[in-house]
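Visitor: Structure below; questions to follow.
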Amino acid sequence: MKARHGVLLLFFMLWFPLTVSAQVSQPFERLPSVTEEEARQFIDEYAARFMKLDLDAFMALFSKEATENRMLPYADIQEAYRRTIAQSQSIQYQVKIYTQGPFMRGTLVSGWYKIVQVLKGEARSRVFQGNIQWILIRENGLLKVREVNYGRDR
């Protein structure tokens, strides 16, 4: 009986061969690294565009997959900056970069920021400052903000 099952199994294996195709993963794609100078230039441009109060130019620096403070998606980031710019007569943005280095698909930039926002129609300003982190990635060869996390000094 066992011999008969063995012959039948062999018959089916020969008659209906198993097609096994192994999926070979692509070699890990090595993304061009971001140099310290490139990261500094990007952050300088980020601050400059924000101070110009030009929402479209500023948001062009963000990936559509961007998040802020680990929870706000791109659409909410854009709306928050639209409101901030609409309320502002001027914005001063100072950044001091502490570290920059590889991080997953891009680079992690850490530093300190200070924003002085002069409000429209008011003789007062608001100051925001604290630690900041950016995760920068390349999209179509251009650096973009994938994540920005603002801390606030109390």
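The values are calculated or read from the model by the stated rules, or taken from the named source; none is laboratory data. Quick caveat, the model's predicted, so the values are computed rather than measured. As a convention, Cβ positions derive from the backbone with ideal geometry for all residues, glycine included, and neighbour counts pool all protein chains shown.
Visitor: Kindly list, by first and then second residue, each pair from a residue in region 127-154 that is polar (S, T, N, Q) to a residue that is surrounded by fewer than 20 Cβ atoms within 10 Å (Cβ to Cβ) and not in a strand (DSSP E or B), limited to pairs with Cβ atoms under 6 Å and residues at least 6 apart or on different chains.
Guide: Q129/D153; N131/G151; N149/N69
Visitor: Output the residues belonging to region 134-152 that are surrounded by fewer than 17 Cβ atoms within 10 Å (Cβ to Cβ) and part of a strand (DSSP E or B).
Guide: Result: E139, L142, N149, Y150.
Visitor: Which residues, counting only those in region 82-105, are in contact with a Leu (Cβ under 9 Å, 6 or more places away or on another chain) and under 19 Å from L136 (Cα atoms)?
Guide: Matches in region 82-105: T99, Q100, G101, P102, F103, R105.
Visitor: Among A123, A60, A48, which is more than 25 Å from S33 (Cβ to Cβ) and surrounded by fewer than 18 Cβ atoms within 10 Å (Cβ to Cβ)? Outline the logic, then answer.
Guide: Numbers: A60 fails: more than 25 Å from S33 (Cβ to Cβ); A48 fails: more than 25 Å from S33 (Cβ to Cβ).
Testing whether each residue is more than 25 Å from S33 (Cβ to Cβ) and surrounded by fewer than 18 Cβ atoms within 10 Å (Cβ to Cβ) leaves just A123.
Visitor: Within region 85-93, is there a residue that is modelled with pLDDT of 95 or more and in contact with a Pro (Cβ under 8 Å, 6 or more places away or on another chain)?
Guide: No, the conditions are met nowhere in region 85-93.
Visitor: Oh, and also: What's the number of the only condition in (1) touching a residue at least 12 places away in the same chain (Cβ under 8 Å); (2) within 12 Å of the chain's Cα centre (by Cα) that P73 fails to meet?
Guide: All conditions are met except number (1).
Visitor: Suppose the filter is assigned to a strand (DSSP E or B) and touching a residue at least 60 places away in the same chain (Cβ under 8 Å); does Q100 pass it? Show your work before the answer.
Guide: Details: assigned to a strand (DSSP E or B): yes; touching a residue at least 60 places away in the same chain (Cβ under 8 Å): yes.
Here the answer is yes, as Q100 does meet what is asked.
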